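See structure below.
The values are calculated or read from the model by the stated rules, or taken from the named source; none is laboratory data. Keep in mind that what you see is a predicted model, and the values were worked out from it rather than measured. All Cβ positions, glycine included, derive from the backbone under ideal geometry; neighbour counts span all protein chains shown. The protein model used for the area step is the full one, side chains on, heavy atoms only, and it has no ligands, DNA or RNA in it. Shrake-Rupley method; radii C 1.70, N 1.55, O 1.52, S 1.80 Å.
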Amino acid sequence: MRKNILVLHGPNLNLLGERQPGVYGKRTLAQLNRSLRAKAGNLEISVRIFQRNGEGQLLDLLHRHRRWAHGLLINPGAYTHYSYALRDGIVGAGLPAVEVHLSDIHRREPWRRISVIAPVCIAQVAGRGQGSYLEGLKLLRDHLGYCRPR
Ligand code: DQA
């Protein structure tokens, strides 16, 4: 059965390409989304991709698409480090989730090393640039392959 993955990009990721390119790379969000769609096609996955800056907006998308999706790929941006609302939302949606980051949050400022989201995810992939998302997508697909369909 074809799997559906909801992809959520969090705050400031709309500025990819111009935002701290030394940290987040020179490729834009549009380029990243093209790569994600191509990878999803190869993996026979359907994706719906959104970027929002607001925590509530991300939650609204999660709620709206939760029944369509079999899994969630999320870069929560700075919400990673303190959003218990997003964490509760992921648990509430009941979707297996993979948290991804472009940069290696474990080798940056100490406050970035803490993720309140990771404990409710099946995996965290960080520090591989846009490759983190592609790796995350594959991990989710593999995970879903082993799960009973709902
Ligand atoms: C980020 C890391 C976060 O700490 C930061 O707030 C971001 C981007 C990443 O992809 O490396 O906005 O999630």
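Which one of L15, S35, A78 has its Cα pushed farthest toward the positive end of the charge dipole of the chain, where Lys and Arg give +1 and Asp and Glu give -1 at the Cβ?
S35
What dipole magnitude, in Debye to the nearest 20, does the chain give about its Cα centre under +1 on Lys/Arg Cβ and -1 on Asp/Glu Cβ?
The calculation lands at about 400 debye.
Roughly how many percent of the accessible protein surface of segment 3-145 is carbon and sulfur, given a 1.4 Å probe and a whole-percent answer?
Exposed carbon and sulfur together represent 48 percent of the surface.
Give the relative contact order (percent, whole number) for the chain; include only Cα pairs under 8 Å separated by 6+ residues.
26 percent
Based on DSSP H runs of at least 4 residues, each adding -39500 (n - 2.57), what is the mean residue ellipticity at 222 nm of the chain after dividing by all its residues, to the nearest 500 deg cm²/dmol?
Helix contribution divided over all residues of the chain: -11000 deg cm²/dmol.
Between segment 80-133 and segment 1-55, how many Å separate their Cα centres?
Using only Cα atoms, the two centres lie 15 Å from each other.
Write down the accessible area per residue of segment 3-145 in Å², having rolled a 1.4 Å probe over the full set of protein chains.
46 Å²
For segment 25-79, run through the trypsin sites (Lys or Arg not before Pro) and keep only the ones in DSSP coil with at most 15 other Cβ atoms within 10 Å of their Cβ.
Within segment 25-79, the qualifying trypsin sites (Lys or Arg not before Pro) (loop, at most 15 other Cβ atoms within 10 Å) are K26, R67.
Between Q31, Q51, Q124, where does the largest GNM mean-square fluctuation fall for the chain, given springs only between Cα atoms within less than 10 Å?
Maximum fluctuation in the GNM of the chain, among the listed residues, is at Q31.
Considering the convex hull of the alpha carbon atoms of the chain, report its projected area averaged over all viewing directions, in nm², one decimal.
7.9 nm²
Which loop GluC sites (Glu not before Pro) in segment 1-106, with loop taken from DSSP, have no more than 12 other Cβ atoms within 10 angstrom of their Cβ?
Sites meeting the loop and neighbour criteria: E18, E44.
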